[in-house]
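Take a look at the structure below.
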Ligand code: ADP
Ligand code: NA
């Protein structure tokens, strides 16, 4: 059997949040000890589809790197780099795009993220970002992609475009990619439980940032939107806000969801909120403090990224070369 190649990335849109941590980053840290070839990226190329200055992207990238390091990601065990420092990402994206014909192009127009973001922003990247995302994975021949389940649709797209490419160039350049599903569910916004917790959309008050102060965390949980149905019952459809709080407590405290439900059923929502607050403060607090300390030594964080970029570039160059040779260039 072919070897596993772990590849994943996070967009430096803002600060990483609890959803990123539970859905992906927590896994990255545990994977680094199980595999000697993890490639983890700061997907800064993707952030330019939003209205944001390059300077902001740069600052977010450093912040996110600091959080990743403070979570325990070890740059000696994994390759940690920013995508824009490795030009092969965009070169491969172009090549892939030439293999995507009308079937795939119509899929691009159907993607929820395109529909949502094109209401706010206006550029071609909003439509074609899944091609770049596919290149981000295929450049390293990723086979296992630790991302949250909200990314299913992108992994499917990546597999499709890889097949289109193999067919177009009549060769077996790319194999099938699979997704490492987290045991953690999709976390919803505290301000609007119909939206996922995301730095890309939704009110900031609904997102617990990994750099939030204890006070901010407590305030956001206190203000979390629930309902007026009284004591806690478990009902995802009728009481999505309460349900999300239970899910969060289960994920952050590493306790089975059913156990959490049993403990809180018929109790007051305020009690649940208080316990969740303290649990979050206990988890996020130390990560934040270490990250802020690291950000005080920005030279170190920059050095980590430049060493990572060198390692990533070496592999990317070799792989893109070999892809060019396989198709006959
Ligand atoms: P965002 O949507 O906040 O911009 P990214 O697109 O950068 O986040 O995703 C980074 C990782 O975090 C992905 O693996 C994604 O699956 C995961 N993730 C993002 N939001 C959530 C969420 N609300 N619940 C679980 N995982 C999430
Ligand atoms: Na996203």
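We did not get these values from a lab; they are worked out from the coordinates using the rules stated. Please read all numbers here as calculations on a predicted model, not as lab measurements. Heads up, the Cβs are rebuilt from the backbone with ideal geometry, glycines too, and the neighbour counts pull from every protein chain shown.
Annotations
- Relative to the longest principal axis of the Cα atoms of the chain, helix 269-295 runs at roughly 40 degrees.
- Structural descriptor for region 1-149: relative contact order 38 percent, calculated from alpha carbon pairs under 8 angstrom and at least 6 residues apart.
- Overall dimensions of region 1-62 by Cα: Rg and Dmax, Å: 13.6, 44
- In units of the compact-protein estimate 2.2 N^0.38 Å, region 204-292 shows a Cα radius of gyration of 1.08.
- Cα pair distances exceeding 13 angstrom across region 57-104, given as percent: 68 percent
- Distribution of pairwise C-alpha distances over the chain, 20 Å bins, in %: 30, 56, 13, 0
- Separation of alpha-carbon centers, region 251-329 and region 110-131, rounded to whole Å: 25 Å
- Between helix 214-223 and the chain: long-axis angle, C-alpha atoms, 0 to 90°, nearest 10: 70 degrees
- Percentage, to the nearest whole number, of Cα pairs in region 36-80 over 14 Å apart: 53 percent
- Summary of the geometry: region 1-63 and region 133-180, compared by the centres of their Cα atoms, lie 17 Å apart.
- Cα gyration tensor shape of region 80-121, rounded if a/c is under 1.5, else prolate or oblate by comparing a/b with b/c: oblate
- Percent RCO, i.e. relative contact order, over the chain, from Cα pairs under 8 Å lying at least 6 residues apart: 23 percent
- Over all orientations, region 27-111 has a Cα convex hull whose mean projected area works out to 7.5 square nanometres.
- Relative contact order of region 204-292, pairs being alpha-carbon contacts under 8 Å that are 6 or more residues apart, as %: 39 percent
- Between the Cα long axis of helix 240-252 and the first principal axis of the chain there is an angle of about 70°, rounded to the nearest 10.
- Gyration tensor (alpha-carbon) shape descriptor, region 59-147, a/c threshold 1.5: prolate
- Protection proxy ranking of 56-65, 215-224 - average other beta-carbon atoms within 10 Å, highest first: 56-65, 215-224
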